[in-house]
Amino acid sequence: MKWFIKKTKVERRLEIDIDISVEEILKRLDLFKNGKLINATTLMFGKNPQKFFPQAEIRCAKFKGTKVTEPFIDMQVIGKTVYEQIDEAEKFALSHIKKAAWIVPEQIERVEKWEYPPDAMREAITNAICHRDYFSSGNVQIRIFDDRMEVWNPGGLPEDMTVEKLKTIHTSKPRNKMLAKSLFLIKYIEQWGTGTNRIIAQCLNEGLPEPEFIDMRTDFLIIFRKSKVNELLENPDLLNERQWRIIEYLKYHEKITSNEYKEIFKCSGRTSRMDLNHMVKLMVLKKIGKGKKIRYILQDYFRQVPASSGK
């Protein structure tokens, strides 16, 4: 409770005296009503919340391969309070995803790129904890595969909410309002309905495909696909020497056309178009314009990729 109050003072400037009784603190937070603790209080501050809510756990697993049927490399069941679950689940995920790192000339700090943006992962985990259906016997699950990461939570979207609406401006409609309020006070969530929009933006900014949101009515699922930067650094042969050189070229030039590419490398027009379109498919380049005005620009998240292919 003392940690919580200290954090609310820092994050939200909440004015509650830390020296008053626990009962009085809970009353001011609306977590103690009619002489009883509400469920959110137990989930936030209970010494053993799973004694009363055995389903309130996160099951984390790193699988070998791309299917649940394949053996897992590591598995952890996380109990404790909900905010401790969020922190522990994030640690598990970060310990089982890859991170590329390299030194940029004339720059002191090295550049690091995770397979999945940590902020987006944490947002997805927090949303799963906050919005899950606690009447369901299922658990929140984090499944990490060779090609993706999945975050599952029991309970689908509210009846008036759709996956399409999640990608637009929308209001926050938490299933567990007092739990959401408590997590808001320590800045684990924002309660503005912007969580899914931030997840999408963070993934696109880091070179990942847009995450998939799947509402199965009984469960809700978010799927993250691997970063294209990491994928190329792990598999440099996905690009030929011409294509690696054009990444460097576009760090100093705004754009390139198919004809310019052909002139630089003295290749055929067909080879030029094939090379450039392959880089678009790998999300290295962005294709803009139509017809004779087509040009290609470098995606921002590739501007700090090492100069030499695979080095």
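Every read-out reported here was derived from the displayed coordinates using simple, explicitly stated rules and does not represent laboratory data. All of these numbers come straight from a predicted model, not from anything done at the bench. As a convention, Cβ positions derive from the backbone with ideal geometry for all residues, glycine included, and neighbour counts pool all protein chains shown.
Worth a mention:
- Radius 9 Å from Cβ of Arg175, net charge of other residues (Lys, Arg +1; Asp, Glu -1): +2
- Under-14-angstrom lysine pairs by C-alpha in the range 203-311, whenever the two are 8 or more apart or on separate chains: 6
- Radius, Kirkwood style, for the range 29-170 when every pair of distinct Cα atoms is counted (Å): 17.3 Å
- Span from the the range 235-290 Cα centroid across to the the range 1-66 one, whole angstrom: 53 Å
- Under 19 Å from Lys167, Cα to Cα: aspartates and glutamates that are on another chain or at least 8 residues apart: Asp119, Glu123, Glu150, Glu159, Glu190, Glu206, Glu210, Glu212, Asp215, Asp219
- Among Thr66, Thr194, Thr42: highest mean-square fluctuation, GNM of the chain, C-alpha pairs under 10 Å: Thr66
- Cross-link partners of Lys9 among lysines (Cα-Cα below 19 Å; sequence separation of 8 or more within a chain): Lys27, Lys181, Lys187
- For the range 105-154, the set of GluC sites (Glu not before Pro) satisfying both a DSSP loop assignment and a count of at most 15 other C-beta atoms within 10 Å is given as Glu106, Glu109.
- Between Ile247, Ile18, Ile200, the GNM of the chain built on Cα springs shorter than 10 angstrom shows Ile18 fluctuating the most.
- Taking Cα atoms only, the orientation of helix 2-12 departs from the longest principal axis of the chain by about 50 degrees.
- Under 15 Å, Cα to Cα: Lys pairs in the range 35-141, sequence gap 8 or more or different chains: 9
- Rh (Kirkwood; distinct C-alpha pairs) - the range 194-279, Å: 15.5 Å
- Only one residue of Leu238, Ala180, Ile200 has its Cα farthest out toward the positive end of the dipole of the range 142-266, where Lys and Arg carry +1 and Asp and Glu -1 on Cβ, and that residue is Ala180.
- Taking volume of the Cα convex hull per residue in Å³ as calculated from this structure, the corresponding entry among (1) 125; (2) 178; (3) 224 is (2).
- Residue-wise HN-Hα couplings along the range 265-279, as the Karplus relation 6.51 cos²θ - 1.76 cosθ + 1.60 with θ = phi - 60° gives them from phi, are 9, 6, 10, 6, x, 5, 4, 4, 5, 4, 4, 5, 5, 5, 5 Hz; Gly and Pro carry x.
- Cα centre as origin, Lys/Arg/Asp/Glu Cβ charges: the range 189-252 dipole, Debye: 180 debye
- For Lys6, the aspartates and glutamates whose Cα comes closer than 13 Å to its Cα, not counting residues fewer than 8 places off in the same chain, are Glu15, Asp17, Asp19.
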